[in-house]
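The values are calculated or read from the model by the stated rules, or taken from the named source; none is laboratory data. Given the structure is predicted, the values throughout are model-derived calculations rather than measurements. Reconstructed Cβ throughout: ideal geometry from the backbone, glycine too, with neighbour counts over all protein chains shown. These accessible areas exclude ligands, DNA and RNA; they are computed on the full protein's heavy atoms, side chains included. Shrake-Rupley method; radii C 1.70, N 1.55, O 1.52, S 1.80 Å.
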Amino acid sequence: MGKLFATNRQFRFLLVYQIFSGLGGGVFSIFMLLSVQLLYNNVLYTSIAGFLVTAPHVFALMVGPVVDRNNKVTIMRLTTLLEFGVLALLTFSPLLESLGVYFMFGVLAVYSVAALFEGPSGSALLPQIVSEEDIMPANSFINIAAMGGGIVLGIILFTLMGDIGEMSNADDLRLIYGISTAFLAITFLSSLFLRDPSAHTAKADAPRTHYLQDLKSGMAFLRRNVLRFFIIAFIARAFFAQMVYVNMPGFIAYHAGAQGYIILAMVGLVGGIVASSIMGAVGKKIKAGYLMGILFMLTGIIRIPFAFVVPISFVAGLVIAVLFAAVGNAVGILSNSLNQKIPPKDMVGRINTLETTIIAAAVAAGALPGGIVGRTLDDATWLIVAHGVVMIGTGIFVLLVPSVRKLGMIDDIKREGEENGSNDTPDAPVTNTPTTPAEPQKPAN
């Protein structure tokens, strides 16, 4: 990973961009809902804010063709500038006046929509500026840097703000928004040094595929490619993880107090750094299909004892939480790398956003049942256990799929359109080339 950083100038700029984008967005997402609750003390307002944060992700699939067919760096610059602008306004707005909460809702909506374009653009840009064999190390490097920055940021915020429970006035919250705005300013400045190679290599007179046809070709690719089996596993993972997530604050607060939940989030970042370091070093040396199945099963195996250890020893529970976060982040790194490695380079944005939409729908579907089950059980212990059992089951499912087991090490996997690059695709794959009306394009079954 060090060699990649030292020799690839564009990757260094992308790394800086991703770090400060993550820090700025992280501060915003962590404290925005808390701000609404502290300023207005209205559950309805908080629920609306939560809806505005998550709902746009269900429509992420509509973004993919736009990202794939346009200059990704330009999209990153425009969306970052928009995020910076709305947060700068929020920093100086009269939050406690009658229209303050509606202004905050507007900021949330604009920011969430902008983030829908920014994230896939960065993901689609990475394969354009690093070599095929460096995709996984690059993802690992970005993960390490972002999570390390998150830990430092958390320490800074706690030092500045003291007890989170005492942040009850607009001035305290404006300081946080100001920090987020400053990070986004650095993000935008770093984007000025980025270049999208695909924007310069495309022929000016090349035919443009229709937007809906682009979207359909991305969906057809997922339906016939080995990635579809991983997405099925991610649906189960997201649904049950959200059921646990909505109950976790109460579970931890009951056994370790309110501060315990904050500590749990911080050790999760440590686990992410551990996973990123390991995946960057050895992830390329294990067959990708087997590795994904094993990681899914390990996630479940680690999750189950967490439910029983926390009531006995919170410190021991934190150790398990670090392992859980490490394995979970390893799954994310491998998934991102496969999504960037297998599809054609001009389809990476569509695959990213389609997966985002599917997982967002699974997350939304898991929230309400999670609350109902949590209230019925009056203890999240067995819900956490059920989550672990499901994760073990998804790992077994992944390993039972022949085309998953046939996947080689990630450097040996061929991109769609390359020689021997089927990756579970049929003999007549769907392409991005438009056809005449007399010969309509049909996806293979």
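Structure summary
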read-out	value
Residue within the stretch 32-42 that is in a helix (DSSP H, G or I), modelled with pLDDT of 80 or more, aromatic (Phe, Trp, Tyr) and in contact with a helix residue (DSSP H, G or I) (Cβ under 8 Å, 6 or more places away or on another chain) present	no
Single unsatisfied condition, LEU184 versus (1) open to solvent by less than 80 Å² (accessible area, probe 1.4 Å); (2) modelled with pLDDT under 85	(2)
Residue pairs meeting the criteria (Cβ under 8 Å; at least 6 apart or on separate chains; first on the phi < 0 side of the Ramachandran plot, in the stretch 54-81; second modelled with pLDDT of 80 or more and assigned to a loop (DSSP other than H, G, I, E, B))	ASN71/ASP196; LYS72/ASP196; VAL73/LEU194; VAL73/ARG195; VAL73/ASP196; THR74/ASP196; MET76/LEU194; ARG77/LEU192
MET279 vs. criteria part of a helix (DSSP H, G or I) and closer than 19 Å to ASP134 by Cα	yes
Of all residues in the stretch 48-94 being of a type in the set (S, T, N, Q) and open to solvent by 20 Å² or more (accessible area, probe 1.4 Å), the one that is nearest to PHE20 (Cα to Cα)	THR74
Candidates ARG223, ARG237, filtered to the one that is surrounded by fewer than 15 Cβ atoms within 10 Å (Cβ to Cβ), touching a residue at least 12 places away in the same chain (Cβ under 8 Å) and in a helix (DSSP H, G or I)	ARG223
Members of the stretch 263-296 that are aliphatic (A, V, I, L, M) and open to solvent by 40 Å² or more (accessible area, probe 1.4 Å)	ILE263, ALA265, MET266, LEU269, VAL270, ILE273, VAL274, ILE278, ALA281, VAL282, ILE286, ILE294
Residue that is farthest from TRP382 (Cα to Cα), among those in the stretch 299-312 that are at pLDDT below 95 and open to solvent by 60 Å² or more (accessible area, probe 1.4 Å)	ILE312
